[in-house]
Amino acid sequence: MTWTAPQITRSDIPAATGERDMLQGWLDWHRETLLAKCAGLTAEQLVQRSAPPSTLTLLGLVRHMALVERSWFRERFAAEELDDLYDLARNIDADFDDAEAAGAESDFATLRAEIAAADAAVEGRGLDETFRHERSGKELNLRWIYVHMIEEYARHNGHADLLRERIDGATGD
């Protein structure tokens, strides 16, 4: 049997609520949007490239966002020492370039696990808590990560819109 990406029910977009709930709600909505863009597609469809020679695929976006979730929330903010998800030393774009249909189900599970671990890493932590970014040397706070992650998902969800429409013509939020 061919694996297909599961259907997703997205949360309601947050309305009048506090800052932390608003940030978490928008982040969750964008996380679910990426998965919704993939829903119902086979693993083979998920690795169809946007416009060769580009390696951009829906599965590549899923893998990339797992890496980004892990990097910002767990490694940088929570200072967890974790093994690499992908062999970035060999290829800085391994999250995109190494996406294969055979790994699709596992890659989706990895993203879901990274989202849960990211949420657990920041549970009970204040938006004003800071860390020093290793490359820029700048002090950033958890609020900055939330805003950045919403932006990161929003940008890539735009890519996902185009990829999905190219695969099967599906459009929508």
* To do: Would you compute, from DSSP H runs of 4+ residues alone, the mean residue ellipticity of the chain at 222 nm, taking -39500 (n - 2.57) per run and dividing by the full residue count, rounded to the nearest 500?
  => -16000 deg cm²/dmol
* Want the number for GLU134 to ARG155: 0.36 nm per residue separation, take away the alpha-carbon distance, what's left? -> 5.2 nm
* With contacts defined as alpha carbon pairs under 8 Å and 6 or more residues apart, what's the relative contact order of region 46-137 in percent? -> 38 percent
* Under the definition of Cα pairs under 8 Å and six or more residues apart, what whole-number percent is the relative contact order of the chain? -> 27 percent
* Structure fact -> Binned at 5 Å starting from 0, the alpha-carbon pair-distance distribution of region 1-72 in whole percents comes out as 3, 15, 19, 20, 18, 12, 7, 4, 1, 0
* May I ask you to rank LYS37, LYS138 by accessible area, largest first, using a 1.4 Å probe over the protein chains only? => LYS138, LYS37
* Asked: If we sort 44-55, 144-155 on the protection proxy, mean other Cβ atoms within 10 Å, highest first, what's the order?
  -> 144-155, 44-55
* With only alpha-carbon atoms counted, please give the Rg and Dmax of the chain, in Å. => 16.3, 49
* Which value, in Å², gives the accessible area per residue of the chain when a 1.4 Å probe is used on the protein heavy atoms? -> 52 Å²
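Just the number, please: Stokes-Einstein D of region 75-173 in µm²/s, Kirkwood Rh from C-alpha pairs, 20 °C, 1.002 mPa s.
133 µm²/s
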* To do: Tally up the carbon and sulfur contribution to the accessible surface of the chain as a whole percent, 1.4 Å probe, everything protein left in place.
  => 50 percent
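The values are calculated or read from the model by the stated rules, or taken from the named source; none is laboratory data. Keep in mind the model is a prediction, meaning the values are calculated, not measured. A quick note on method: Cβ atoms are made from the backbone with ideal geometry, for glycine too, and the neighbour counts reach across all protein chains shown. Note: accessible area is taken over every heavy atom of the protein model, side chains too, but ligands, DNA and RNA are not part of it. Shrake-Rupley method; radii C 1.70, N 1.55, O 1.52, S 1.80 Å.
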